[in-house]
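Step one of this worksheet: look at the structure below.
The values are calculated or read from the model by the stated rules, or taken from the named source; none is laboratory data. Keep in mind the model is a prediction, meaning the values are calculated, not measured. Cβ coordinates were reconstructed from backbone atoms using ideal geometry, including for glycine residues, and neighbour counts include every protein chain displayed. Remember, those area values only see protein heavy atoms, side chains included, never the ligands or the DNA or RNA. Shrake-Rupley method; radii C 1.70, N 1.55, O 1.52, S 1.80 Å.
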Amino acid sequence: MITAKTPWKDYMGDVPMHLEYFEGSMFEAVEAVAQKYPNYVAFDFMGKSTTYKTMIQEIETCAKALKTIGIRQGDKVTIAMPNCPQAIYLFYAVNLVGGIANMIHPLSAEKEIEFYLNESGSVTAITLDQFYHKFEAIRKNTHVVNIVIASIRDALSQPIKAGYMLTEGRKIQKIPEDAPVIRWKDFMKLSRHCFYDYKVKRTGEDPAVILYSGGTTGTTKGIVLTNKNFNALGQQVVAANSMFEPGDKMLAAMPIFHGFGLGVCIHTMLTQGGRCILVPRFTPKSYAKDLVKNRCNFIAGVPTLYEALLRLPDMDGADLSCLKGVFSGGDSLSVELKKKFDKFLADHNATIQVREGYGTTETVTACCLTPSHMAKEGSIGLPFSDTYIKIVEPGTDHELPYGQEGEILLAGPTVMKEYMHHPEETAKTLWKHDDGLTWVYTGDLGTMDEQGFVYFKGRAKRMIVTSGYNVYPAQLENVLDAMDMVQMSCVIGVPDSYKMQKVKAFVKLAPGVQPTEETKQAILAHCRKYVAKYAMPYDIEFREDMPKTLVGKVAYRVLEEEELEKLRTQQG
């Protein structure tokens, strides 16, 4: 029997094997840091800085307002916002009043938003003015009592606000004066009516956040995460990065509704005295500008972002000597891209290399990282403190020898509580082994070497990763197949130099439906109601028939091979 639990103990450098974890709430973890560093800047947003002291005051005001509109312990509050100050205040205020933050993508389609609100049982939703109309369209189908509307302009300094209103602000569809919503400023004023104790004591084990993932079957599920899950992650990330110092800046461009953005770029920083540079929306060009202008010490991104930075003429002559850590996650970082980006960093005065990590939303996000002192080609690194990884025969508890490919299992203090409303799926994903640990069955394939370094080999489940977002073909196929004009569909990922993969749909039309451009546009318009922007197919190809497997299923691998062959032919 191979004991693959702690072979890495001799290779962790100065990373401690075990940590003492904070057992309070997420808000209390941030509050403790604010008491220690009240005048440190907690975050910057479009040129405006906010100290820890001010941030705590705003969170408490927000919490009183939530209490005034009726949020009680255990209530779910949906936050559909980009990385902006209001999102930070709300996230911790919901935690402070004992609620559970339901984090969703603001660019989700209407029907997706309806699903998230109903699945979580949210009583209140908070979003930006530009997304109001999507919420209003489906509100009657949910149990939401209050919708709070914030605006980016509310968080801007005066000179920047004027410029914003002349550019971005003009594009936002007006909300009717009599719309049944609470505007942000009015919402915050409601705090004046809260005269009683609004702070609810929560423990590390209490549920605090819901994030969404496809789980092992590709069906969208709410992942219930606890206060301790997030607080432990913050402690683990900093323990694995001894070069971090309070006051260090992290470019927080990864979205707040994603475990990577929320867990690493926001909560880790704010519980350790770091400084977040909040980026509500970015392009590779604006990302590069923010990185250089703010002299960031840490950046995290998906491989597609780093690929794009390599091509930017804006980076010519940029000084990146400020960087202490560059992390890649969300998808596999190819050996070739790592070499190219490491050279790029060296050419721009950085003294460090990109470090690949790995994790799942079921463990908040990253739980494995390449050590700063020791990298291995193709490896996703070593587990964090108190986190264990083992490789087993898929779907069993039989541990495999070093070097043999199997399913990657994870255990540790960041493991989720459950899939909301899916006990059967929870039971399939979380197994308690004879060693007393609860293991997450990731559905990912990999190997481990004798030093404990882990190598990601592929996904056992059918999934497309486009620009770091997971897209589950089965979900999109269900949307397509529900249309009267579609008889059968198949969705695949097509290799793309920028996005890594892009989504393509193959459709066999119902008898009598003509394969015209008008038909294609009608299908795409239908998809937009149910599918997030990033998951939309870039193309629909009509087929008279689909290739089939021996058991009669659509042979999606045949279609993938056909597309690869087309690409090879185009590239000569």
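Quick notes on this one:
- Looking only at residues of the range 425-465 that are assigned to a loop (DSSP other than H, G, I, E, B) and without any contact (Cβ under 8 Å) to a residue 40 or more places away in the chain, we find that the one that is surrounded by the most Cβ atoms within 10 Å (Cβ to Cβ) is His433.
- Qualifying residue in the range 358-373 (condition: open to solvent by 50 Å² or more (accessible area, probe 1.4 Å) and touching a residue at least 40 places away in the same chain (Cβ under 8 Å)): yes
- Scanning the range 105-140 for residues that are open to solvent by less than 10 Å² (accessible area, probe 1.4 Å), at pLDDT 95 or above, farther than 18 Å from Lys174 by Cα and not in a helix (DSSP H, G or I) yields Ser122, Thr124, Ala125.
- Scanning the range 2-57 for residues that are under 20 Å from Leu96 (Cβ atoms), open to solvent by less than 60 Å² (accessible area, probe 1.4 Å) and among the charged types (D, E, K, R) yields Glu28, Glu31.
- If only residues of the range 496-534 that are at pLDDT below 90 and among the small types (Gly, Ala, Ser) are counted, the one that is surrounded by the most Cβ atoms within 10 Å (Cβ to Cβ) is Ala532.
- Across the range 475-488, the number of residues qualifying as buried (at least 16 other Cβ atoms within 10 Å of the Cβ) and under 28 Å from the mean Cα position of the chain (by Cα) comes to 5.
- Qualifying residue in the range 144-165 (condition: assigned to a helix (DSSP H, G or I), among the basic types (Lys, Arg) and at pLDDT below 90): yes
- The listed residues are Leu305, Leu333, Leu320, Leu345, and the only one of them that is of a type in the set (A, V, I, L, M), at pLDDT 95 or above and surrounded by 21 or more Cβ atoms within 10 Å (Cβ to Cβ) turns out to be Leu320.
- Assessment of the range 392-415 against the conditions (among the charged types (D, E, K, R) and touching a helix residue (DSSP H, G or I) at 6+ places or on another chain (Cβ under 9 Å)) yields no matching residue.
- Ala65 falls short of the stated requirement of being under 27 Å from the mean Cα position of the chain (by Cα) and touching a residue at least 40 places away in the same chain (Cβ under 8 Å).
- Among the residues of the range 295-318, those that are within 19 Å of Phe260 (Cα to Cα) and either more than 23 Å from the chain's Cα centre (by Cα) or polar (S, T, N, Q) (or both) comprise Asn297, Thr304.
- Only listed residue being buried (at least 21 other Cβ atoms within 10 Å of the Cβ) and under 30 Å from Ala411 (Cα atoms), chosen from Ile391, Ile352: Ile391
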